[in-house]
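What follows is a set of notes on a single structure, which appears directly below.
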Amino acid sequence: MYWEKLLGTHGISTQHAATELNWQLPDLDAEALMLKKELVNALEDRECPTAGLSFAVQTQCMPIATSVVIEPAVGGGKGIFQLRHTVDFTRSNAKWRIFAQGIPAAELADKVCQLCHKYYQWLGNAGEETQAEVVETQTPAPIGAARSPVYALPYGL
C-alpha cells in the first residue's frame with residue numbers, strides 16, 4: 001500500500017494493463033464502450049496511474065460494483081458528464097461523493113486523472129477526512145431507475 005501511494009502520488013504508473021481491465025460497462029452499449037476506449041487511451045497517454053481503482057460508465061440503468069462512476073450529467077446535455085466516487089474508494093461502499101459535475105467530454109480524462117491523484121493522496125490518510133468533504137452520502141438511484149418496474153433502491157435490484 002505504501003509503494004502504491006508513493007508511486008501514484010508522483011504519477012508513476014506501473015500497471016498499464018490494469019487501466020484496460022478495471023471497467024464496468026452496460027451490455028451492448030457502443031457509446032459507453034467508445035467513451036471507455038477514449039479514456040483508457042487518454043489516461044495511458046498521460047501516464048496516469050489507476051491501480052487500486054475500478055471505473056464504471058453508467059449510461060443506462062445497471063447495478064454497479066465499482067469505486068468510480070462516470071455518467072452523463074442530469075440535464076447537462078450530450079457530452080456533459082458527472083464524476084463520483086465512493087467515500088473510501090472501495091467497490092462495496094454505498095456512500096458516494098460527487099467529485100466533479102458539468103464536465104465536457106474534452107476535459108473528462110483530465111478530471112479522471114485528478115481523481116486518481118486524489119485517491120493516491122487519500123491512501124494511508126483514510127481516518128483523517130473531515131465532514132466538510134462529504135457532498136453526497138446516499139446511494140443515488142441509477143439512471144432510468146424511476147422508469148424501471150424492477151428496480152428497488154433498498155435492494156439495488
Restricting to segment 78-96, give me the number of residues that are out of contact with any helix residue (DSSP H, G or I) (no Cβ under 7 Å at 6 or more places or on another chain), in contact (Cβ under 8 Å) with a residue 24 or more places away in the chain and of a type in the set (D, E, K, R).
3
Report, by residue number, each residue of segment 17-50 that is touching a residue at least 60 places away in the same chain (Cβ under 8 Å) and part of a loop (DSSP other than H, G, I, E, B).
46, 48, 49, 50
Only one residue in 152, 100 is modelled with pLDDT of 75 or more, over 19 Å from residue 24 (Cα atoms) and of a type in the set (A, V, I, L, M), so which one is that?
100
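The values are calculated or read from the model by the stated rules, or taken from the named source; none is laboratory data. In this text the structure is predicted, and so the values were computed from the model without any measurement. Reconstructed Cβ throughout: ideal geometry from the backbone, glycine too, with neighbour counts over all protein chains shown.
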